[in-house]
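Note sheet for the following structure.
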Amino acid sequence: MSSARLALVYAALVTVFTSALLLTVYLLTRSALEREIAAVVRAEVDDLSDDLRLGGIAQVAATLRLRADSWGRTGAVFLLADERFQPVAGNLTSWPHEILPRESAMVEFEIAAHERGESVLHPVEARIQHLSNGYWLLVGADTSERASLLRSFGIATAWGIAFTALGVWLLGAAYARRTARRVRDYATTCETIIQGDLTQRLRVDGSRDEFDALAVAVNAMLDRIEQQTSTLRAAFDSIAHDLRTPLYRLRARLEEAQLRADLPSEAHELVTPALEELDRVQRTLATLLQIARAEASGVTTHGDSVDLAALAANMVELYAPGMRAGGLEVTLVAPEPAQLVGNRQLLAQLITNLLENALKYVPSGGHVEVRVRNTPDGVSLSVADDGPGIPADERASALRPFVRVGDAASKAAGSGLGLSLAAAVARLHRAQLTLGDNAPGLVVHCEFPAATRRDAPGGVAQVS
(Lines give C-alpha, C1' and ligand atoms only; values in the text may rest on other atoms or scores of the structure.)
Protein backbone atom coordinates (compact mmCIF):
# COMPACT_ATOMS: atom_id res chain seq x y z
CA MET A 1 0.00 0.00 0.00
CA SER A 2 1.39 3.40 -1.03
CA SER A 3 1.85 6.20 1.51
CA ALA A 4 -0.91 8.31 -0.12
CA ARG A 5 -3.43 5.46 0.10
CA LEU A 6 -2.36 4.76 3.67
CA ALA A 7 -2.95 8.42 4.59
CA LEU A 8 -6.40 8.28 2.94
CA VAL A 9 -7.29 5.11 4.82
CA TYR A 10 -6.25 6.64 8.16
CA ALA A 11 -8.14 9.85 7.35
CA ALA A 12 -11.24 7.84 6.42
CA LEU A 13 -11.08 5.79 9.64
CA VAL A 14 -10.64 8.85 11.85
CA THR A 15 -13.43 10.64 9.95
CA VAL A 16 -15.79 7.70 10.48
CA PHE A 17 -15.02 7.50 14.21
CA THR A 18 -15.26 11.29 14.63
CA SER A 19 -18.53 11.38 12.70
CA ALA A 20 -19.97 8.60 14.83
CA LEU A 21 -18.92 10.41 18.03
CA LEU A 22 -20.29 13.80 16.97
CA LEU A 23 -23.50 12.25 15.64
CA THR A 24 -23.99 10.48 18.95
CA VAL A 25 -23.51 13.77 20.81
CA TYR A 26 -25.97 15.46 18.45
CA LEU A 27 -28.63 12.79 18.97
CA LEU A 28 -28.15 12.80 22.74
CA THR A 29 -28.42 16.62 22.80
CA ARG A 30 -31.62 16.60 20.72
CA SER A 31 -33.09 13.86 22.91
CA ALA A 32 -32.21 15.82 26.05
CA LEU A 33 -33.85 19.01 24.71
CA GLU A 34 -36.96 17.08 23.72
CA ARG A 35 -37.18 15.49 27.16
CA GLU A 36 -36.72 18.89 28.78
CA ILE A 37 -39.60 20.44 26.80
CA ALA A 38 -41.81 17.42 27.47
CA ALA A 39 -41.05 17.66 31.20
CA VAL A 40 -41.88 21.40 31.30
CA VAL A 41 -45.17 20.86 29.45
CA ARG A 42 -46.11 17.93 31.69
CA ALA A 43 -45.40 20.02 34.80
CA GLU A 44 -47.63 22.83 33.50
CA VAL A 45 -50.44 20.37 32.74
CA ASP A 46 -50.14 18.90 36.23
CA ASP A 47 -50.32 22.41 37.80
CA LEU A 48 -53.41 23.33 35.79
CA SER A 49 -55.01 19.98 36.65
CA ASP A 50 -54.50 20.83 40.33
CA ASP A 51 -56.17 24.22 39.75
CA LEU A 52 -59.11 22.44 38.10
CA ARG A 53 -59.48 20.07 41.05
CA LEU A 54 -59.26 22.88 43.62
CA GLY A 55 -61.18 25.70 41.95
CA GLY A 56 -62.83 24.34 38.85
CA ILE A 57 -62.82 25.88 35.41
CA ALA A 58 -62.90 29.39 36.82
CA GLN A 59 -59.62 28.80 38.65
CA VAL A 60 -58.01 27.36 35.50
CA ALA A 61 -59.22 30.30 33.39
CA ALA A 62 -57.93 32.77 35.97
CA THR A 63 -54.52 31.10 35.98
CA LEU A 64 -54.35 31.16 32.19
CA ARG A 65 -55.31 34.84 32.11
CA LEU A 66 -52.38 35.54 34.44
CA ARG A 67 -50.08 33.67 32.04
CA ALA A 68 -51.40 35.29 28.92
CA ASP A 69 -48.13 37.13 28.34
CA SER A 70 -45.98 33.99 28.78
CA TRP A 71 -45.45 33.74 25.03
CA GLY A 72 -43.34 36.84 24.92
CA ARG A 73 -41.30 35.89 27.98
CA THR A 74 -40.93 32.11 27.84
CA GLY A 75 -42.53 30.98 24.58
CA ALA A 76 -45.25 29.10 26.50
CA VAL A 77 -48.56 28.34 24.76
CA PHE A 78 -51.84 27.88 26.69
CA LEU A 79 -55.41 27.35 25.50
CA LEU A 80 -58.56 26.32 27.40
CA ALA A 81 -61.38 25.41 24.97
CA ASP A 82 -64.96 24.23 25.54
CA GLU A 83 -66.62 21.17 24.07
CA ARG A 84 -66.88 22.89 20.68
CA PHE A 85 -63.20 23.94 20.84
CA GLN A 86 -64.06 27.58 21.30
CA PRO A 87 -61.37 29.48 23.22
CA VAL A 88 -62.17 30.20 26.85
CA ALA A 89 -58.79 31.39 28.12
CA GLY A 90 -55.12 31.37 27.09
CA ASN A 91 -52.79 33.14 24.65
CA LEU A 92 -54.03 31.37 21.49
CA THR A 93 -56.87 32.97 19.55
CA SER A 94 -58.24 29.64 18.26
CA TRP A 95 -57.77 25.92 18.36
CA PRO A 96 -55.15 24.85 15.78
CA HIS A 97 -57.06 23.58 12.76
CA GLU A 98 -54.54 20.90 11.84
CA ILE A 99 -54.61 19.34 15.32
CA LEU A 100 -57.16 16.66 16.16
CA PRO A 101 -58.06 16.39 19.83
CA ARG A 102 -56.50 13.31 21.41
CA GLU A 103 -56.31 12.53 25.06
CA SER A 104 -52.81 13.02 26.62
CA ALA A 105 -51.16 13.27 23.19
CA MET A 106 -48.05 15.26 22.24
CA VAL A 107 -48.62 17.19 19.04
CA GLU A 108 -46.62 19.55 16.85
CA PHE A 109 -47.98 22.51 14.90
CA GLU A 110 -47.07 26.05 13.87
CA ILE A 111 -48.51 29.34 15.05
CA ALA A 112 -48.20 32.82 13.55
CA ALA A 113 -46.77 35.48 15.85
CA HIS A 114 -46.44 39.18 15.05
CA GLU A 115 -42.88 40.34 15.52
CA ARG A 116 -41.72 43.81 14.46
CA GLY A 117 -44.76 44.25 12.25
CA GLU A 118 -44.32 40.89 10.50
CA SER A 119 -46.07 37.56 10.87
CA VAL A 120 -43.55 34.86 11.72
CA LEU A 121 -44.32 31.15 11.97
CA HIS A 122 -43.06 29.38 15.10
CA PRO A 123 -42.99 25.60 15.63
CA VAL A 124 -44.77 24.47 18.79
CA GLU A 125 -44.75 21.18 20.65
CA ALA A 126 -47.80 20.77 22.93
CA ARG A 127 -49.76 18.33 25.08
CA ILE A 128 -53.56 17.93 24.90
CA GLN A 129 -55.50 17.14 28.09
CA HIS A 130 -59.25 16.35 28.10
CA LEU A 131 -60.73 17.75 31.31
CA SER A 132 -63.46 16.09 33.35
CA ASN A 133 -66.12 18.65 32.44
CA GLY A 134 -65.60 18.09 28.69
CA TYR A 135 -63.26 21.05 28.20
CA TRP A 136 -59.93 20.71 26.37
CA LEU A 137 -56.64 22.02 27.65
CA LEU A 138 -53.66 22.59 25.34
CA VAL A 139 -50.26 23.39 26.87
CA GLY A 140 -47.12 23.73 24.78
CA ALA A 141 -43.85 25.53 24.17
CA ASP A 142 -42.14 27.26 21.27
CA THR A 143 -39.41 24.96 19.85
CA SER A 144 -37.87 27.45 17.42
CA GLU A 145 -34.92 28.06 19.75
CA ARG A 146 -34.37 24.34 20.07
CA ALA A 147 -34.54 23.93 16.30
CA SER A 148 -32.12 26.83 15.84
CA LEU A 149 -29.76 25.36 18.44
CA LEU A 150 -29.88 21.92 16.83
CA ARG A 151 -29.39 23.43 13.39
CA SER A 152 -26.34 25.37 14.59
CA PHE A 153 -25.06 22.29 16.37
CA GLY A 154 -25.53 20.23 13.21
CA ILE A 155 -23.66 22.78 11.10
CA ALA A 156 -20.87 22.89 13.69
CA THR A 157 -20.78 19.09 13.70
CA ALA A 158 -20.48 18.96 9.91
CA TRP A 159 -17.69 21.56 9.92
CA GLY A 160 -16.00 19.71 12.75
CA ILE A 161 -16.07 16.48 10.80
CA ALA A 162 -14.76 18.24 7.67
CA PHE A 163 -11.93 20.01 9.51
CA THR A 164 -11.06 16.83 11.40
CA ALA A 165 -10.89 14.83 8.17
CA LEU A 166 -8.81 17.53 6.47
CA GLY A 167 -6.46 17.85 9.45
CA VAL A 168 -6.01 14.11 9.78
CA TRP A 169 -5.41 13.73 6.05
CA LEU A 170 -2.84 16.55 6.02
CA LEU A 171 -1.05 15.07 9.03
CA GLY A 172 -1.24 11.59 7.52
CA ALA A 173 -0.01 12.84 4.14
CA ALA A 174 2.89 14.69 5.78
CA TYR A 175 3.84 11.62 7.83
CA ALA A 176 3.43 9.33 4.81
CA ARG A 177 5.58 11.65 2.70
CA ARG A 178 8.26 11.71 5.39
CA THR A 179 8.08 7.93 5.73
CA ALA A 180 8.24 7.41 1.97
CA ARG A 181 11.22 9.78 1.71
CA ARG A 182 13.16 7.91 4.37
CA VAL A 183 12.29 4.55 2.80
CA ARG A 184 13.52 5.83 -0.57
CA ASP A 185 16.72 7.09 1.05
CA TYR A 186 17.26 3.72 2.71
CA ALA A 187 16.50 1.88 -0.56
CA THR A 188 18.97 4.07 -2.48
CA THR A 189 21.66 3.53 0.14
CA CYS A 190 21.05 -0.23 0.19
CA GLU A 191 21.25 -0.31 -3.62
CA THR A 192 24.62 1.43 -3.44
CA ILE A 193 25.79 -1.06 -0.81
CA ILE A 194 24.60 -3.99 -2.95
CA GLN A 195 26.69 -2.63 -5.82
CA GLY A 196 29.77 -2.96 -3.60
CA ASP A 197 30.23 0.34 -1.72
CA LEU A 198 30.37 -0.94 1.85
CA THR A 199 31.30 2.52 3.16
CA GLN A 200 27.71 3.74 2.79
CA ARG A 201 25.50 3.91 5.88
CA LEU A 202 21.79 4.51 6.51
CA ARG A 203 21.04 8.05 7.62
CA VAL A 204 20.15 8.66 11.28
CA ASP A 205 18.29 11.98 11.66
CA GLY A 206 18.16 12.02 15.47
CA SER A 207 14.38 11.63 15.78
CA ARG A 208 14.87 8.43 17.81
CA ASP A 209 11.97 6.75 16.06
CA GLU A 210 11.72 3.25 14.61
CA PHE A 211 13.63 4.30 11.49
CA ASP A 212 16.54 5.53 13.57
CA ALA A 213 16.53 2.27 15.53
CA LEU A 214 16.55 0.31 12.26
CA ALA A 215 19.33 2.50 10.82
CA VAL A 216 21.50 2.07 13.92
CA ALA A 217 21.08 -1.72 13.84
CA VAL A 218 21.76 -1.97 10.09
CA ASN A 219 24.76 0.36 10.32
CA ALA A 220 26.24 -1.75 13.11
CA MET A 221 25.78 -4.83 10.92
CA LEU A 222 27.42 -3.03 7.99
CA ASP A 223 30.36 -2.02 10.19
CA ARG A 224 30.83 -5.66 11.10
CA ILE A 225 30.52 -6.81 7.49
CA GLU A 226 32.99 -4.17 6.31
CA GLN A 227 35.44 -5.22 9.01
CA GLN A 228 35.12 -8.88 8.05
CA THR A 229 35.40 -8.03 4.36
CA SER A 230 38.57 -6.03 4.98
CA THR A 231 39.98 -8.93 6.97
CA LEU A 232 39.01 -11.36 4.21
CA ARG A 233 40.57 -9.15 1.54
CA ALA A 234 43.79 -8.87 3.53
CA ALA A 235 43.80 -12.63 4.05
CA PHE A 236 43.38 -13.32 0.33
CA ASP A 237 46.09 -10.82 -0.57
CA SER A 238 48.38 -12.49 1.92
CA ILE A 239 47.51 -15.92 0.53
CA ALA A 240 48.17 -14.70 -2.99
CA HIS A 241 51.58 -13.36 -2.00
CA ASP A 242 52.52 -16.38 0.10
CA LEU A 243 51.55 -18.87 -2.61
CA ARG A 244 52.54 -17.09 -5.80
CA THR A 245 56.17 -16.53 -4.76
CA PRO A 246 57.02 -20.19 -3.92
CA LEU A 247 55.04 -21.40 -6.93
CA TYR A 248 56.96 -19.04 -9.17
CA ARG A 249 60.26 -20.20 -7.69
CA LEU A 250 59.24 -23.82 -8.08
CA ARG A 251 58.32 -23.25 -11.72
CA ALA A 252 61.62 -21.45 -12.38
CA ARG A 253 63.60 -24.30 -10.86
CA LEU A 254 61.68 -26.93 -12.82
CA GLU A 255 62.19 -25.02 -16.06
CA GLU A 256 65.88 -24.60 -15.23
CA ALA A 257 66.17 -28.30 -14.56
CA GLN A 258 64.34 -29.09 -17.79
CA LEU A 259 66.92 -27.10 -19.74
CA ARG A 260 69.91 -28.96 -18.31
CA ALA A 261 71.62 -31.10 -20.91
CA ASP A 262 72.71 -33.74 -18.41
CA LEU A 263 69.17 -34.29 -17.14
CA PRO A 264 68.26 -37.97 -17.53
CA SER A 265 65.33 -38.78 -19.81
CA GLU A 266 63.46 -40.29 -16.87
CA ALA A 267 63.65 -36.90 -15.11
CA HIS A 268 62.35 -35.14 -18.23
CA GLU A 269 59.33 -37.42 -18.13
CA LEU A 270 58.68 -36.31 -14.53
CA VAL A 271 59.42 -32.58 -14.96
CA THR A 272 57.11 -32.01 -17.90
CA PRO A 273 53.93 -33.35 -16.15
CA ALA A 274 54.98 -31.47 -13.01
CA LEU A 275 55.09 -28.21 -14.97
CA GLU A 276 51.66 -28.94 -16.43
CA GLU A 277 50.25 -29.64 -12.97
CA LEU A 278 51.90 -26.48 -11.67
CA ASP A 279 50.25 -24.49 -14.46
CA ARG A 280 46.90 -25.94 -13.42
CA VAL A 281 47.50 -25.06 -9.75
CA GLN A 282 48.47 -21.48 -10.68
CA ARG A 283 45.38 -21.04 -12.86
CA THR A 284 43.19 -22.49 -10.12
CA LEU A 285 44.71 -20.14 -7.57
CA ALA A 286 44.22 -17.14 -9.87
CA THR A 287 40.58 -18.14 -10.44
CA LEU A 288 39.95 -18.55 -6.72
CA LEU A 289 41.41 -15.13 -6.00
CA GLN A 290 39.34 -13.56 -8.78
CA ILE A 291 36.16 -15.09 -7.35
CA ALA A 292 36.98 -13.90 -3.86
CA ARG A 293 37.85 -10.39 -4.98
CA ALA A 294 34.78 -10.13 -7.19
CA GLU A 295 32.39 -11.16 -4.44
CA ALA A 296 34.16 -10.00 -1.27
CA SER A 297 36.04 -6.84 -2.15
CA GLY A 298 33.03 -4.88 -3.37
CA VAL A 299 33.98 -4.14 -6.98
CA THR A 300 31.93 -1.29 -8.39
CA THR A 301 30.43 -2.59 -11.61
CA HIS A 302 28.61 0.47 -12.87
CA GLY A 303 30.50 3.09 -14.75
CA ASP A 304 31.59 1.85 -18.18
CA SER A 305 29.38 1.87 -21.23
CA VAL A 306 30.01 -1.55 -22.71
CA ASP A 307 28.82 -2.96 -26.03
CA LEU A 308 28.47 -6.59 -24.99
CA ALA A 309 28.10 -7.70 -28.63
CA ALA A 310 31.40 -6.06 -29.61
CA LEU A 311 33.11 -7.37 -26.47
CA ALA A 312 31.91 -10.91 -27.23
CA ALA A 313 33.16 -10.53 -30.82
CA ASN A 314 36.63 -9.58 -29.55
CA MET A 315 36.75 -12.52 -27.15
CA VAL A 316 35.59 -14.97 -29.84
CA GLU A 317 38.19 -13.60 -32.24
CA LEU A 318 40.88 -14.05 -29.55
CA TYR A 319 39.94 -17.66 -28.71
CA ALA A 320 38.91 -18.82 -32.19
CA PRO A 321 42.43 -19.95 -33.31
CA GLY A 322 43.00 -22.05 -30.20
CA MET A 323 39.54 -23.58 -30.40
CA ARG A 324 39.94 -24.39 -34.08
CA ALA A 325 43.31 -25.97 -33.25
CA GLY A 326 41.48 -28.16 -30.76
CA GLY A 327 38.98 -29.25 -33.37
CA LEU A 328 36.15 -26.96 -32.22
CA GLU A 329 33.99 -24.73 -34.37
CA VAL A 330 33.02 -21.43 -32.74
CA THR A 331 30.44 -18.94 -34.06
CA LEU A 332 29.08 -15.64 -32.82
CA VAL A 333 25.52 -14.45 -33.36
CA ALA A 334 25.25 -10.75 -32.48
CA PRO A 335 23.16 -8.93 -35.08
CA GLU A 336 23.09 -5.56 -33.29
CA PRO A 337 24.91 -3.63 -30.57
CA ALA A 338 23.92 -4.56 -27.02
CA GLN A 339 24.83 -1.64 -24.80
CA LEU A 340 24.87 -1.92 -21.03
CA VAL A 341 26.54 -0.20 -18.09
CA GLY A 342 29.08 -2.30 -16.23
CA ASN A 343 32.69 -3.21 -15.61
CA ARG A 344 34.35 -3.99 -18.96
CA GLN A 345 37.17 -6.05 -17.41
CA LEU A 346 34.82 -8.24 -15.40
CA LEU A 347 32.46 -8.75 -18.35
CA ALA A 348 35.43 -9.80 -20.48
CA GLN A 349 36.45 -12.22 -17.70
CA LEU A 350 32.91 -13.66 -17.72
CA ILE A 351 33.00 -14.39 -21.46
CA THR A 352 36.58 -15.66 -21.18
CA ASN A 353 35.68 -18.19 -18.51
CA LEU A 354 32.74 -19.50 -20.52
CA LEU A 355 34.90 -19.89 -23.63
CA GLU A 356 37.72 -21.56 -21.67
CA ASN A 357 35.27 -24.06 -20.21
CA ALA A 358 34.14 -24.95 -23.69
CA LEU A 359 37.72 -25.13 -24.96
CA LYS A 360 38.79 -27.46 -22.13
CA TYR A 361 35.85 -29.79 -21.83
CA VAL A 362 34.10 -29.98 -25.22
CA PRO A 363 35.66 -32.82 -27.26
CA SER A 364 37.16 -32.35 -30.70
CA GLY A 365 34.57 -31.98 -33.41
CA GLY A 366 32.25 -30.06 -31.14
CA HIS A 367 30.58 -26.75 -31.79
CA VAL A 368 30.34 -23.64 -29.57
CA GLU A 369 27.90 -20.82 -30.25
CA VAL A 370 28.04 -17.41 -28.53
CA ARG A 371 24.83 -15.38 -28.85
CA VAL A 372 24.20 -11.77 -27.74
CA ARG A 373 20.85 -10.06 -28.25
CA ASN A 374 18.67 -7.31 -26.88
CA THR A 375 15.49 -8.35 -25.09
CA PRO A 376 12.55 -6.37 -23.72
CA ASP A 377 13.94 -7.01 -20.23
CA GLY A 378 17.59 -6.11 -20.98
CA VAL A 379 20.50 -7.89 -22.68
CA SER A 380 20.90 -11.65 -23.07
CA LEU A 381 24.22 -13.52 -23.40
CA SER A 382 24.35 -17.26 -24.01
CA VAL A 383 27.14 -19.74 -24.71
CA ALA A 384 26.02 -23.14 -25.97
CA ASP A 385 28.00 -26.25 -26.84
CA ASP A 386 27.32 -29.85 -27.81
CA GLY A 387 29.68 -31.41 -25.27
CA PRO A 388 28.86 -33.82 -22.43
CA GLY A 389 26.88 -31.19 -20.49
CA ILE A 390 26.06 -31.19 -16.77
CA PRO A 391 23.30 -33.27 -15.15
CA ALA A 392 20.35 -31.21 -13.98
CA ASP A 393 20.87 -32.13 -10.32
CA GLU A 394 24.50 -30.88 -10.43
CA ARG A 395 24.04 -27.57 -12.27
CA ALA A 396 23.36 -25.50 -9.16
CA SER A 397 26.50 -26.80 -7.40
CA ALA A 398 28.56 -26.09 -10.53
CA LEU A 399 27.92 -22.37 -10.01
CA ARG A 400 29.24 -22.36 -6.43
CA PRO A 401 32.95 -22.22 -5.66
CA PHE A 402 34.63 -24.81 -3.46
CA VAL A 403 31.85 -27.35 -4.13
CA ARG A 404 32.80 -30.72 -5.56
CA VAL A 405 30.60 -31.94 -8.38
CA GLY A 406 30.15 -35.26 -10.10
CA ASP A 407 32.04 -36.77 -13.02
CA ALA A 408 29.79 -35.37 -15.72
CA ALA A 409 30.03 -31.89 -14.24
CA SER A 410 33.78 -32.27 -13.92
CA LYS A 411 34.08 -33.10 -17.59
CA ALA A 412 31.98 -30.12 -18.65
CA ALA A 413 33.08 -27.49 -16.16
CA GLY A 414 36.14 -28.87 -14.38
CA SER A 415 36.07 -28.00 -10.69
CA GLY A 416 33.28 -25.45 -11.25
CA LEU A 417 35.56 -22.46 -10.67
CA GLY A 418 35.19 -21.04 -14.17
CA LEU A 419 31.43 -21.04 -13.97
CA SER A 420 31.58 -19.82 -10.37
CA LEU A 421 33.57 -16.77 -11.42
CA ALA A 422 31.14 -16.13 -14.26
CA ALA A 423 28.23 -16.37 -11.82
CA ALA A 424 30.00 -13.97 -9.43
CA VAL A 425 30.50 -11.40 -12.19
CA ALA A 426 26.85 -11.79 -13.22
CA ARG A 427 25.66 -11.19 -9.66
CA LEU A 428 27.76 -8.03 -9.42
CA HIS A 429 25.93 -6.77 -12.52
CA ARG A 430 22.55 -7.82 -11.02
CA ALA A 431 22.29 -10.39 -13.79
CA GLN A 432 21.13 -13.98 -13.52
CA LEU A 433 23.33 -16.81 -14.80
CA THR A 434 21.67 -20.18 -15.33
CA LEU A 435 22.71 -23.51 -16.80
CA GLY A 436 20.47 -25.40 -19.18
CA ASP A 437 20.36 -28.46 -21.39
CA ASN A 438 21.42 -27.87 -25.01
CA ALA A 439 20.37 -31.42 -25.98
CA PRO A 440 23.14 -32.41 -26.24
CA GLY A 441 25.57 -30.27 -24.35
CA LEU A 442 25.39 -27.31 -22.02
CA VAL A 443 23.95 -23.84 -22.57
CA VAL A 444 24.82 -21.01 -20.21
CA HIS A 445 22.33 -18.12 -20.11
CA CYS A 446 23.20 -14.75 -18.59
CA GLU A 447 20.33 -12.26 -18.47
CA PHE A 448 21.31 -8.66 -17.72
CA PRO A 449 18.36 -6.59 -16.44
CA ALA A 450 17.10 -3.44 -18.12
CA ALA A 451 18.59 -1.36 -15.27
CA THR A 452 22.08 -2.07 -16.69
CA ARG A 453 21.10 -1.64 -20.32
CA ARG A 454 21.98 1.47 -22.26
CA ASP A 455 20.40 1.85 -25.68
CA ALA A 456 22.78 2.69 -28.50
CA PRO A 457 22.39 3.82 -32.13
CA GLY A 458 22.01 1.18 -34.78
CA GLY A 459 24.90 -0.90 -36.04
CA VAL A 460 26.03 -4.46 -36.53
CA ALA A 461 28.54 -6.23 -34.30
CA GLN A 462 31.37 -8.16 -35.86
CA VAL A 463 30.62 -11.83 -36.37
CA SER A 464 33.47 -14.34 -36.40
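The values are calculated or read from the model by the stated rules, or taken from the named source; none is laboratory data. Please read all numbers here as calculations on a predicted model, not as lab measurements. With ideal geometry, Cβ positions are generated from the backbone for all residues, glycine too; neighbour counts draw on all protein chains shown. Accessible surface areas use protein heavy atoms only, side chains included; no ligands, DNA or RNA. Shrake-Rupley method; radii C 1.70, N 1.55, O 1.52, S 1.80 Å.
For the chain, the per residue solvent-accessible surface stands at 56 Å², with DNA, RNA and ligands left out and a 1.4 Å probe. In a simple Cβ point-charge model (Lys, Arg +1; Asp, Glu -1; nothing else charged), segment 112-202 has a dipole of about 500 debye relative to its Cα centre. Put L243, L121, L22 in order of accessible area, highest first, and with a 1.4 Å probe you get L121, L243, L22.
Dipole of the chain (Lys/Arg Cβ +1, Asp/Glu Cβ -1, origin at the Cα centre): which of G206, A358, N374 lies farthest to the positive side? Looking along the dipole axis, the top candidate is G206. Stretching Y175 away from V88 to a fully extended chain increases their span by 24.2 nm, per 0.36 nm per residue minus the current alpha-carbon distance. Taking a ≥ b ≥ c as the square roots of the eigenvalues of the Cα gyration tensor of segment 323-372, is the shape rounded (a/c under 1.5), prolate (a/b larger than b/c) or oblate? Here segment 323-372 falls in the oblate category.
Please work out the Cα center distance from segment 420-439 to segment 83-137, rounded to the nearest Å. Rounded to whole Å, the Cα centres lie 96 Å apart. Taken about its Cα centre, the chain carries a charge dipole of about 740 debye when Lys and Arg each add +1 at the Cβ and Asp and Glu each add -1 at the Cβ. The alpha-carbon atoms of segment 183-272, seen along their principal axes, cover 81, 19, 14 angstrom, with the largest extent given first. Within the chain, the longest segment free of exposed loop sites, counting trypsin sites (Lys or Arg not before Pro) that fall outside DSSP classes H, G, I, E and B and have at most 16 other Cβ atoms within 10 Å, spans 261-403. In the chain, taking the dipole from charged Cβ atoms about the Cα centre, the farthest positive-side position among T29, V40, A348 is held by A348. In this rough spin-label picture, where each label sits 7 Å from Cα along the Cβ direction, the A38-M106 distance is 0.3 nm.
Surface composition of segment 72-209: carbon and sulfur atoms hold 57% of the protein heavy-atom accessible area at a 1.4 Å probe. Computed from label points 7 Å out along Cα-Cβ, the spacing between N314 and E145 is 9.6 nm. Summed over qualifying helices (DSSP H, 4 residues or more, each -39500 (n - 2.57)) and divided by its residue number, the chain shows a 222 nm mean residue ellipticity of -20000 deg cm²/dmol. Across the chain, the longest run free of exposed loop sites, meaning GluC sites (Glu not before Pro) lying outside DSSP classes H, G, I, E and B with no more than 12 other Cβ atoms within 10 Å, spans 104-464. Here the label points at E98 and S397, each 7 Å from Cα along the C-beta direction, are separated by 9.5 nm in the simple model. Give me the base-10 log of I(q)/I(0) for segment 180-224 at each q in 0.16 Å⁻¹, Debye formula, one uniform scatterer per Cα, rounded to two decimals. Log-scaled intensity ratios, in q order: -0.38. Solvent-accessible area of segment 303-385 (1.4 angstrom probe, protein heavy atoms only): carbon and sulfur portion equals 48 percent. Local charge for H367 was computed over the other residues whose Cβ lies under 15 Å away, with Lys and Arg +1 and Asp and Glu -1, and equals -2. Translational diffusion coefficient of the chain (Stokes-Einstein, Kirkwood radius from Cα pairs, 20 °C, 1.002 mPa s): 67 µm²/s.
Straightening the chain between L289 and H268 buys 4.4 nm, computed as 0.36 nm per residue apart minus the Cα-Cα spacing.
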